[in-house]
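Reading through the structure tokens given below for one structure.
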Amino acid sequence: QVQLVESGGGLVQPGGSLRLSCAASGSIFRIDVMGWYRQAPGNQRELVALITSGGSTSYADSLKGRFTISRDTAKNTVYLQMNRLKPEDTAVHYCYVVESRRAYWGQGTQVTVSS
């Protein structure tokens, strides 16, 4: 089993920035993919960004240029730097990890963008 602990969510004004972190621990043999999804009220969960073990990244088209995903392989931690935040970015953000082909989800961290 893999445990995921997220941090960094909160309330921010429009135009502000937040950095989310997600640390994986437990029975880790090989992490294939780390990333983030989000779910706003009344919406389906959607992809934010992914990063592979080789460092390749992918983003939701609407978020390119504002969000940056990165990872610290030694710490089994993934980060999401979110800049120029908008009210429509308000959502619960979930960490997503694929370890040895098994998918794990974090408990979610709330991001609220409001003045």
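Summary of computed values
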read-out: Scope the range 32-59; condition of a type outside the set (Val, Ile, Thr), touching a residue at least 24 places away in the same chain (Cβ under 8 Å) and surrounded by 11 or more Cβ atoms within 10 Å (Cβ to Cβ); matching residues; value: 32, 34, 35, 36, 37, 38, 39, 40, 45, 49, 50
read-out: Criterion violated by residue 112 - all others in (1) of a type outside the set (Asp, Glu); (2) in contact (Cβ under 8 Å) with a residue 12 or more places away in the chain; (3) surrounded by fewer than 17 Cβ atoms within 10 Å (Cβ to Cβ); (4) assigned to a loop (DSSP other than H, G, I, E, B) satisfied; value: (4)
read-out: Residue 89 closer than 19 Å to residue 15 by Cβ and either in contact with a helix residue (DSSP H, G or I) (Cβ under 7 Å, 6 or more places away or on another chain) or open to solvent by less than 40 Å² (accessible area, probe 1.4 Å) (or both); value: yes
read-out: Number of the condition not met by residue 29 [criteria: (1) surrounded by fewer than 14 Cβ atoms within 10 Å (Cβ to Cβ); (2) of a type in the set (Phe, Trp, Tyr); (3) not in a loop (DSSP other than H, G, I, E, B)]; value: (3)
read-out: Residue within the range 92-101 that is modelled with pLDDT of 95 or more and open to solvent by 50 Å² or more (accessible area, probe 1.4 Å) present; value: no
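The values are calculated or read from the model by the stated rules, or taken from the named source; none is laboratory data. Note that the structure is a prediction, hence the values are computed from the model and not measured. Neighbour counts are summed over all protein chains in view; Cβ atoms, including those assigned to glycine, are modelled from backbone coordinates with ideal geometry. Surface accessibility is based on the protein's heavy atoms, side chains included, excluding ligands, DNA and RNA. Shrake-Rupley method; radii C 1.70, N 1.55, O 1.52, S 1.80 Å.
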